[in-house]
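What follows is one structure encoded as structure tokens, with my remarks underneath.
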Amino acid sequence: MNITHRSIAIVLLASQPAAVWADDASGAAVPVVQVTGAQSDAEARRQFVAGKIIIGRKRIEESGVRKVEDMLRREPAVTVSSDGRIGLLNMPGYTQILLDGQAPVGRSPTELDLVSVEKIEIVKSSMAEYGPFGVAGTINIITRKTTRKTETEIAAGIETTGGEPKVTMDLSRNSSVQGSPLRYSFQLSAEAGSGLERSNISESIAVRGQSDQLRWHGQSDGKSRQEMLSGSMDVIWQRADDETLTLSPSIATMIDKNAARDIRLPASGVESADTAWDRIRLDMLRVPVRWESKLSSTSKADVSVMTAFIRSNSASSGIDAIAGARGSEWLSLDKRRGGSQALDMSYRTRLANGHNVKLGSTIRHMRQVIRHRYELDGARASAFDLLGARSAWRNRSFRVFVQDEWELSEKVDVNAGMSAQATDIQVSENRYQVRNESRILSPSLHLSRKIGKDDANHLRLSIARSFKEVEEDDLSAHPEIHPLAPCISAASCGPNSAATADKVGNAILRPERALGMTASYEHAIGAGSHVNVELYSRQIDDKMGKEIILLSVPWSADPRHVIRPANLGDARSLGLSVEMELALRDIAAEAPKLAIRGSAGIAESTVSNVPGPENKLDRQTPWNAKLGSSYSMEGFPITFDADASWAPSVWIRTSAVERIYVARVFTFEASAKWQMTPDRRLIVGMRSASPRTRHTIHQYITNDERVSRYDDSRRFSTIRVQFESSL
């Protein structure tokens with residue numbers, strides 16, 4: 001489970017599912033709720049001017065993996081950064097991930113169970129209908145919808161990582177009555193499991209003109225516990241094919257608990273220990289209503305209204321001990337309450353001369369109140385009186401877009417669009433008042449030229465202006481005090497170091513602006529195979545990152561080091577990638593039922609206001625590679641999958657003060673799927689990484705010294721067993 005402040009902030013506001021569309025023979029736009037026919041994902045992607053990659057339901061069911069993230073890790077077009085994040089174009093943090101065409105719901109959509117996913121769309125550029133925030137592209141995860149078919153599906157799984165178990169349960173029910181305009185479905189999901197972390201840690205310091213001297217060494221042991229329970233329902237009223245009304249309430253509870261103990265032995269020989277506990281609980285309720293109407297044989301309107309409520313409580317505490325004696329004890333509490341309202345409207349129509357036009361607008365209002373509490377040895381921290389114990393923010397936004405996909409000729413297609421958004425964020429923290437306004441205009445243009453007798457090969461060119469938005473927590477002045485440099489009052493809160501900097505927001509943070517260009521050639525090899533070569537560039541203005549600086553702060557009489565978001569100047573990124581999916585039966589009908597997939601890419605980047613030569617985009621690797629295969633046995637209902645990925649070691653300079661080293665990593669995973677009966681399947685899988693110990697270094701460099709922190713973390717293999725059945 002990954003519950004972040006941003007996921008809390010967006011409060012499920014974009015809970016409305018985006019319509020899935022196709023065109024009938026008369027040119028009418030009609031909704032599609034179930035994939036039928038023999039068209040492959042490779043054939044479907046060729047219909048889109050911008051080169052949309054489709055991972056359809058058939059492929060999802062055949063994969064045997066459990067989570068969206070696992071499915072995406074197999075996809076050749078998806079890159080994995082040095083810290084494990086998935087994205088596009090080897091640009092970590094720049095991929096927009098949507099759920100049903102809208103902003104994500106609570107936890108990351110990549111953690112969804114694939115049982116509830118209809119298909120996944122991937123576009124490696126910015127498109128007007130997806131909004132202006134896909135600098136490296138967009139991954140849109142579309143959930144399964146209620147169909148006119150009565151069925152029940154269950155899935156149960158268990159996995160273990162380092163001896164720590166995790167269990168999952170999913171139940172879905174789809175029901176309809178022949179001849180009735182009503183149908184409904186519901187889904188229940190539960191998940192509970194534990195994780196384990198073990199590391200050897202150390203810190204050294206080098207004063208100007210001297211070599212590194214060990215400060216301390218020790219070990220860190222951590223254990224986590226995640227629990228999740230969610231339920232949702234769709235109630236649909238449909239009048240023929242002309243009008244549909246959908247009510248989709250949902251509720252979810254997620255709990256994330258962590259405990260860690262660090263033991264340090266300084267060079268002085270006096271042992272110290274730090275024990276910390278974290279607990280986050282997130283409760284969410286959303287009530288979306290959607291109305292769809294077919295206005296004519298060529299046009300359709302869609303209106304959605306959503307109200308959502310959220311509540312979260314997070315608590316962190318810790319105890320320091322020196323030479324076995326109990327030391328200081330600190331406590332940090334955050335209670336968040338909020339809600340959101342959203343109104344989405346869209347209109348789609350087919351015009352003469354091959355024009356398919358989409359228009360849409362979104363009005364959103366989000367609000368949140370946070371109550372803070374910080375104590376040291378039972379005493380409330382008076383250092384925060386200036387900021388108060390209450391924070392409140394409000395985010396209002398309005399977006400409109402227009403997009404025209406035009407068949408210019410039999411060989412040339414054009415997709416042109418414009419997305420405009422106005423955002424107003426207001427933050428109030430006692431005497432601290434901030435207003436951050438932005439006006440964004442995002443044009444996009446995509447060209448596709450069909451090549452070959454059967455028009456299966458495509459030459460594509462895309463250019464788009466896109467953005468990376470400022471988040472509400474990035475503006476907050478309320479600090480997060482580093483546990484190794486605690487504060488209680490301004491008079492007693494002494495200086496800290498760059499390695500123990502307090503976290504704080506930045507009121508003057510500006511959105512990033514990016515100009516992206518992508519050129520690709522896709523060569524088809526049969527219905528399900530292709531090779532794609534892609535060259536891309538991104539020119540970024542006002543690059544957002546982190547800076548560590550020494551500031552006069554209201555919670556300390558002495559200046560303190562703080563780490564805060566900042567605009568680090570301009571950046572550019574260039575890359576080349578080759579992707580391949582090959583089914584041997586596309587070459588020879590008598591070949592084994594074997595499919596091979598893979599990709600390889602190179603990338604380089606620079607950030608202008610960060611010292612070189614390691615001033616790259618955060619966590620971007622100079623190259624990456626993937627190779628995978630799927631094999632179905634002849635005469636036996638068993639399918640095998642194997643996937644491997646490689647990423648090299650890399651030094652990244654994240655700011656003028658900090659640089660990070662991450663060691664190389666090789667990941668291998670495999671699974672076997674046994675189709676016991678047409679309605680029952682058993683899956684066994686495993687994942688492992690090499691090297692077994694991952695080496696990470698954080699260096700903090702100032703005028704007088706260089707502090708290096710080393711972390712050698714243990715990697716554990718995961719073994720999974722899952723049973724699926726339709727009733």
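One table, with the values for the structure above:
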read-out: Lys, Arg +1 and Asp, Glu -1 on Cβ, resulting dipole of the chain about Cα centre, debye, nearest 20; value: 600
read-out: Normalised per residue, the volume of the convex hull around the Cα set of segment 571-666 (Å³); value: 97
read-out: Karplus 3J(HN,Hα) series, Hz, for segment 192-200 with 6.51 cos²θ - 1.76 cosθ + 1.60 (x for Gly, Pro); value: 8, x, 10, x, 9, 10, 9, 9, 9
read-out: Rule-of-thumb Rg ratio for segment 227-328 [Cα; 2.2 N^0.38 Å; N residues]; value: 2.05
read-out: Cα centroid separation - segment 518-558 against segment 699-717, whole Å; value: 24
read-out: Packing-based ranking, highest mean first, of 192-199, 675-682 given that Cβ atoms within 10 Å are counted; value: 192-199, 675-682
read-out: Rg/Rg_globular for segment 79-174, with Rg_globular taken as 2.2 N^0.38 Å and Rg from C-alpha atoms; value: 1.29
read-out: Karplus-derived 3J(HN,Hα), 6.51/-1.76/1.60, for each residue of segment 119-126, Hz, glycine and proline x; value: 6, 10, 10, 10, 10, 9, 6, 9
read-out: Interatomic Cα distance distribution for segment 508-587, bins of 5 angstrom, percent; value: 3, 13, 13, 11, 10, 10, 8, 8, 7, 6, 4, 3, 2, 1, 0
read-out: Alpha carbon Rg of segment 270-359, scaled by the compact-globule rule 2.2 N^0.38 Å; value: 2.19
read-out: Net +/- balance of residues flanking R311 in space, Cβ distance below 11 Å, scoring K and R +1, D and E -1; value: +3
read-out: Segment 327-377 - Kirkwood radius from inverse mean 1/r over Cα pairs (Å); value: 15.7
read-out: Burial ranking of peptide ranges 118-131, 88-101, 166-179, 221-234 (average Cβ count within 10 Å, highest at the top); value: 118-131, 88-101, 221-234, 166-179
read-out: Mean Cβ count within 10 Å, highest first, over the residues of peptides 241-249, 395-403, 620-628; value: 620-628, 395-403, 241-249
read-out: Value of [θ]222 nm, deg cm²/dmol, for the chain, DSSP H segments ≥ 4, -39500 (n - 2.57) each, nearest 500; value: -1000 deg cm²/dmol
read-out: Additional length obtainable on full extension of the chain from A507 to I638, 0.36 nm per residue less Cα span; value: 41.4 nm
read-out: Principal axis dimensions, segment 433-555 - Cα atoms, whole angstrom, descending; value: 79, 32, 20
read-out: Segment 220-271 - convex hull of the alpha-carbon atoms, volume per residue in Å³; value: 110
read-out: Set K52/K119; K119/K468; K503/K546; K58/K593; K593/K673 screened for pairs whose C-alpha atoms are more than 20 Å apart; value: K119/K468
read-out: Chymotrypsin sites (Phe, Trp or Tyr not before Pro) within segment 479-573, DSSP loop, no more than 14 other Cβ atoms inside 10 Å; value: none
read-out: Hits among aspartates and glutamates - C-alpha to C-alpha of K543 under 12 Å, sequence gap 8 or more where chains match; value: E469, E512, D570, D618
read-out: Between segment 171-231 and segment 393-450, the Cα center-to-center distance that results, in Å; value: 32
read-out: Convex hull per residue volume in Å³, alpha carbons only, for the chain; value: 152
read-out: The chain: relative contact order in percent, alpha carbon pairs under 8 Å with at least 6 residues between; value: 11
read-out: Hz values of 3J(HN,Hα) by residue in segment 278-289 - Karplus curve (6.51, -1.76, 1.60), Gly and Pro given as x; value: 10, 8, 10, 10, 10, 10, 9, 9, 9, 9, x, 10
read-out: Residues whose placed amide H lies under 5 Å from that of A103, excluding near-sequence neighbours; value: A14
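None of the figures in this text is laboratory data; all of them are computed from the coordinates on show. The shown structure was predicted, so the numbers you read here are calculated from the model rather than taken from an experiment. Don't worry about glycine lacking a Cβ; one is built from the backbone with ideal geometry, like all the others, and counts go over all protein chains shown.
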